[in-house]
Amino acid sequence: MKASSTEKGSHKSDNYPVADPTAAEAERRAGETADSPWRLPASAWWQVLKRVWLMTGFHELGLLAGGVAFFSFLAITPLLAATVMIYGLVTDVQTVSEQMDLVVSLVPPDAVGLIEGQLLRFVATNPGVKGVAVITSLLFAIYGGMRAASGMISALNIINQERETRGIIALSLRATWLTLAAILIALTGLLSGGVFAWLQMQTKIILGPSTGFLIKLLTWSTAITLGSLGFALIMRYGPDRRPAKWRWLTPGSVVATLLWIAVSFGFSLYVAYISNFNATYGSLSAIVVFLMWLFLSAYAVLLGALLNAEIERQTAVDTTVGDSRPPGHRGAVLADIVGGPLPTWQSLEKRRLRHAERTRGRADDATHR
């Protein structure tokens, strides 16, 4: 099959790397007919992983993660406020302190101190806020938390090689929806943590201490499931494209969750036993550690999204929701790329230079006008 341009791609993907039929160094796709990522052969996965490595540099994933981390840092207090305004209506300061024990094992201690301080402050002040004041405060908190969703949407557009065409109202509604979904998933996690903690206490009394391991296993399984669901929602509804089917989002969302857990554990150990942030940054060490943790977390999520994008590029089957459509009518750049060679460093560099030349040409035309 020949590479074809897309209805959406014809005006959205001109400046992004797509298959170049004339590239001599291209390799043939494996698994073109796979209708699920789990049906891709080993050779296809090898091609996908090589492209993930290539596109990590092409998309400057570190810079994207830094931007998402910055916006998340600005949004974390409003997000905590929105979460606690709901959760705090049915709990107290002591319960929040106990719930933080579940977070301590994952988040670096300095970051835990910042988060716990904000949570306890919100819980302590929340009972005095009632009625319309709760709704007003909640709306402002959700609005403030939208900055993280907006940053993630921009990064996912770049990874999916899409240009944002939604209007300000549609984009704001999408960011609001994703923010609410994140809050609901966080609430579900907090409530699940409380339920599992209660179960662990009861089963120790009735069945003995040996059941503690099973409860912990159930706790971690639930946490991974909730995390994967949250990341899949962001990857599906964030970018400006026709949503992908859930099965094509599963590998990246699970990888993002496992990577997030791994980098959180690893960075916590690094802060505790290797690096001395206090000596370098002094009173700013807690903020620096928190920002670094947000950066690593964002990088893990974007790497999972990039994995999904390259898996989608690998197959010729329609990966978008609804009935199967021919290439050029799928409403997603990567889903519409069928046939032709796959990106390599050389072809990506050529496209980058062509994009720079086109950008300079547009700038010169605008200056002359």
Subject >> Karplus-derived HN-Hα couplings along segment 286-297 (A = 6.51, B = -1.76, C = 1.60, θ = phi - 60°), whole Hz, x at Gly and Pro >> reply: 4, 5, 5, 4, 4, 5, 4, 5, 4, 4, 5, 5
**OP:** With a 10 Å radius around each residue's Cβ, average the other Cβ atoms per peptide and rank 73-82, 57-66, highest first.
**Re:** 73-82, 57-66
Subject >> Taking ILE142, ILE274 and counting other C-beta atoms within 10 Å, the order from fewest to most >> reply: ILE274, ILE142
**OP:** Starting with the highest mean, order 300-312, 215-227 by the number of other Cβ atoms within 10 Å, averaged over the residues of each peptide.
**Re:** 300-312, 215-227
Subject >> Ranked by how many other beta carbons lie within 10 Å on average, peptides 159-167, 229-237, 37-45, 328-336 from highest >> reply: 328-336, 229-237, 159-167, 37-45
Original post:
For THR320, which sequence-distant residues (separation of 5 or more, or a different chain) have an amide H within less than 5 Å of its own amide H, given hydrogens modelled in the peptide plane?
Top reply: LYS245
Original post:
Between segment 280-322 and segment 33-60, what's the alpha-carbon centroid distance in Å?
Top reply: 16
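Quick note: the coordinates plus some simple rules give every number you see, no bench work behind them. The structure presented is a predicted model; accordingly, all values stated were derived computationally and were not measured. Note: ideal-geometry Cβ built from the backbone for every residue, glycine included; neighbour counts use all protein chains shown.
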